[in-house]
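The values are calculated or read from the model by the stated rules, or taken from the named source; none is laboratory data. Note that this is a predicted model, so its numbers are computed, not measured. All Cβ positions, even for glycine, are placed from backbone atoms using ideal geometry, and neighbour counts span all protein chains on display. To get the accessible areas, we keep the full protein, side chains included, count just its heavy atoms, and leave off ligands, DNA and RNA. Shrake-Rupley method; radii C 1.70, N 1.55, O 1.52, S 1.80 Å.
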Amino acid sequence: MKTHHKNNGRLVSKVFQDVFDKYDLMNDLMSLGVHRFWKKNFIHWLNPQKNTTLIDVASGTGDIARLYLNKINYKGHVYCVDNNKGMLNLSKKKFVGKDNIKWFCNNGENLPFKNNYFDYYTISFGIRNIDNINKVIKEAYRVLKPGGRFLCLEFSKVKNEILNKFYKTYSKSLPLIGKFIVGKSEPYEYLISSIEKFHSQEEFFQKIKKQNFVNVSYRNLSGGIVAIHSAWKA
Ligand code: SAM
């Protein structure tokens with residue numbers, strides 16, 4: 001079984017420190033806008049209800065928070081957690097005047113919240129960057145209410161060989177795009193290697209199951225370029 005490489009937390013922090021101000025633009029460019037479709041699908045599957053509270057870990061510039069609040073007509077609360085202040089500041093600018101969102105500069109491995117507090121826990125393109133995945137999943141379980149739901153969107157493994165070849169070839173161009181737009185290619189080299197080293201759909205499924213979650217399942221999007229894993233706290 002291929003194991004998730006241990007990230008160097010400091011390296012990851014530096015990566016996001018280097019790119020945060022161009023993060024949204026690069027997301028659109030690199031995914032050709034498809035990340036918007038993936039995130040919409042993600043919230044659609046979450047199907048959040050009004051008067052609920054979501055914790056979004058590795059929240060970045062707030063895409064998931066926005067989709068969640070729109071879906072429930074701003075009748076609920078979201079706690080955004082990210083360990084990069086620059087990302088959180090960009091997120092804050094998008095929600096000026098809204099009082100149902102809070103931001104916390106914190107590591108996803110140790111959350112400053114009490115047990116059994118949230119209805120939903122989401123993490124989108126974040127778990128791959130965190131050192132200790134088991135700790136993240138354990139924390140998700142701890143802060144969720146019984147009956148609460150965990151949903152994770154992450155890059156995964158493409159089974160179709162032709163699509164995989166095309167995808168791998170395309171991925172090689174990302175550091176060049178990075179160099180052109182951000183002036184740095186290293187963060188995008190990191191992106192490619194972190195995707196390659198991350199777990200397959202099935203391996204990640206087993207990891208979630210091991211942390212006591214029930215009804216664990218996953219869906220592939222775009223042929224497995226990304227997958228959404230869903231699980232519930234009993
Ligand atoms: N969720 C957003 C999205 O889908 O667009 C942002 C994803 S971005 C690829 C990954 C985010 O994870 C960055 O904002 C980064 O600062 C954050 N991050 C990395 N390591 C983290 C950690 N240990 N704890 C919390 N956030 C972390």
Q.
Charges at C-beta only: +1 for Lys and Arg, -1 for Asp and Glu. How large is the resulting dipole of region 1-87 about its Cα centre, in Debye rounded to 20?
A. 240
Q.
Positive end of the dipole of region 86-234, charges at C-beta (+1 Lys, Arg; -1 Asp, Glu), about the Cα centre: which of Leu111, Thr169, Phe125 has its Cα farthest in that direction?
A. Leu111
Q: Calculate the dipole size of the chain relative to its Cα centre from +1 charges on Lys and Arg beta carbons and -1 charges on Asp and Glu beta carbons; express the result in debye to the nearest 20.
A: 380
Q) What is the set of long-range amide H partners of His77 at a cut-off below 5 Å, with H atoms built 1.01 Å from backbone N? A) Thr52, Thr53, Leu54
**Q.** Solvent-accessible heavy-atom area per residue, rounded to whole Å², over region 151-234 at 1.4 Å
**A.** 52
Q) Of all DSSP beta bridges located in region 97-234, what percent are antiparallel, nearest 5? A) 70
(Q) I'd like the carbon and sulfur percentage of the solvent accessible area for region 36-94, probe radius 1.4 Å, heavy atoms only, ligands and nucleic acids excluded. (A) 47
Q | DSSP-defined beta bridges in the chain - what % are antiparallel, rounded to 5 | A | 40
Q: Let me have the 222 nm mean residue ellipticity of the chain computed from DSSP H runs of 4+ only, each contributing -39500 (n - 2.57), with the sum over all residues rounded to the nearest 500.
A: -13000 deg cm²/dmol
Q: Pull out the extension gain between Ser171 and Lys93, defined as 0.36 nm times the separation in residues minus the alpha carbon to alpha carbon distance; nm, one decimal.
A: 25.0 nm
Q | Computed E for Leu29/Lys209 - FRET, C-beta separation, R0 45 angstrom, nearest 0.05 | A | 0.80
Q) Applying the Karplus parametrisation 6.51 cos²θ - 1.76 cosθ + 1.60 with θ = phi - 60° to the phi angles of region 215-231, what ³J(HN,Hα) value in whole Hz is obtained for each residue in order, glycine and proline being reported as x? A) 6, 6, 8, 8, 10, 8, 10, 6, x, x, 4, 10, 9, 10, 9, 10, 7
Q: Within region 91-123, report the chymotrypsin sites (Phe, Trp or Tyr not before Pro) that DSSP leaves as loop and that have at most 11 other Cβ atoms within 10 Å.
A: none
